Amino acid sequence: MLEIENLSVSYGRNEAVRGISFAVPDASIVALVGANGAGKTSTLNAITGLVSSSGRIVSDGRVLTGLTTDNRVRLGVAQVAEGRQLFPLMSVRENLELGGYLCRAAESRQRLTVLMERFPVLAERADQFAGTLSGGEQQMVAICRALMSAPQVLLIDEPCLGLAPIIIRKVTAILRELHGTGLTILIAEQNASFAAAVADRLILLENGRIRAEGSPNEVLGQPQFRQAYLGV
Ligand code: ATP
């Protein structure tokens, strides 16, 4: 279980995240939803230590607060950055290998083999430059690069950004499959209908605060949120 207690993130005077607390139970998918600037990315970046924050972050009973990002990865927390952030002029295989940089070479090779068996398109495209893949394929590589560190908790920032609806369905299928393996997943997502389709729970952020929390039906069933986030 990932537990976030009283988390705050500030950039100078701009308080992006204002004392939020929530938990991501083991083997669940929780989605942080909200408009641009609500504080979703800042929350994910604080959990992996990419930005400094105050409050407490605990994963599987171990306190992450104050640790460096690589040590948080060692403790089983990995992040897929917004916009995927692949190295376009490196092959798919090389991009994936980078995700295993903290483990021994033999272990990294074994994880790569397992991922390529699970997602055969990775094997088909292994020697292709990552920058030449479609958006959906790039998202798959970015997710699998994070999986190379064998995380217990996976954070994914805007998995659907810039993807066509048909590709979003493929990303949904990948996330459901990972969910089925017992991985604990926290998504930051602007697309509320996608979030509602994949997540067990939604946490609605507005101006760095939690405005609502519950099952997708509990949150998006409320007329004011339905209108604002689904446009219906
Ligand atoms: P988006 O969906 O647009 O990425 P978000 O919900 O992920 O939005 P954040 O990116 O966390 O929101 O941004 C929250 C607030 O913090 C915004 O007001 C943003 O301008 C500000 N912010 C984010 N990163 C920085 C930074 N590096 N320096 C200064 N302000 C920042």
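About its Cα centre, region 1-132 has a charge dipole of approximately 160 debye under the convention of +1 per Lys or Arg Cβ and -1 per Asp or Glu Cβ, with nothing else charged. Backbone phi angles across region 180-185, fed through the Karplus curve with coefficients 6.51, -1.76 and 1.60 (θ = phi - 60°), yield HN-Hα couplings of x, 8, x, 5, 8, 10 Hz in residue order; Gly and Pro are listed as x.
A straight line joining the Cα centroids of region 15-70 and region 154-216 runs 15 Å. Based on alpha carbons, the Rg and Dmax found for region 86-223 are 16.2, 53 Å. When all protein chains stay in place and ligands, DNA and RNA are ignored, the 1.4 Å accessible-area order of Arg62, Arg111, largest first, is Arg62, Arg111. Excluding ligands, DNA and RNA, the accessible surface per residue across region 1-131 is 49 Å² with a 1.4 Å probe. Rounded to the nearest 20, the size of the Cβ-charge dipole of the chain about its Cα centre is 120 debye, with Lys and Arg at +1 and Asp and Glu at -1. Accessible area of Leu50 (1.4 Å probe, protein heavy atoms only, ligands and nucleic acids ignored): about 110 Å².
Distances between every pair of Cα atoms in region 1-95, grouped in 5 Å steps from 0 to the bin holding the largest one, split as 3, 12, 22, 24, 18, 11, 7, 3, 0 percent. A 1.4 Å probe run over region 173-228, with the rest of the protein chains in place, finds 45 Å² accessible per residue.
Summarised in one figure, the compactness ratio Rg/Rh of the chain, Cα atoms and Kirkwood Rh, is 0.96. Relative to the longest principal axis of the Cα atoms of the chain, helix 105-118 runs at roughly 80 degrees. Could you work out what % of the accessible surface of region 51-93 is carbon and sulfur, using a 1.4 angstrom probe and leaving DNA, RNA and ligands out of the count? Roughly 54 percent of what the probe reaches on region 51-93 is carbon or sulfur. The alpha carbons of region 168-217 give a radius of gyration and a Dmax of 11.5, 34 Å, in that order.
With runs of 4+ DSSP H residues as the only contributors, calculate the mean residue ellipticity of the chain at 222 nm using -39,500 (n - 2.57) per run, divided by the residue total and rounded to the nearest 500.
About -10000 deg cm²/dmol.
Annotation: amide H of Ser91 within the under-5 Å range of Ala130, sequence separation 5 or more or interchain, hydrogens built in the peptide plane.
Computed over the chain, relative contact order equals 28 percent, with contacts defined as Cα pairs under 8 Å that lie 6+ residues apart. Counting protein heavy atoms only, region 158-232 has 50 percent of its accessible area on carbon and sulfur, 1.4 angstrom probe.
The values are calculated or read from the model by the stated rules, or taken from the named source; none is laboratory data. All figures in this text were calculated on a predicted structure; none of them were measured in a lab. Please note: Cβ atoms are built from the backbone with ideal geometry, for glycine as well, and neighbour counts cover all protein chains shown. When the accessible area is computed, the model is the full protein with side chains, heavy atoms only, and any ligands, DNA or RNA have been set aside. Shrake-Rupley method; radii C 1.70, N 1.55, O 1.52, S 1.80 Å.
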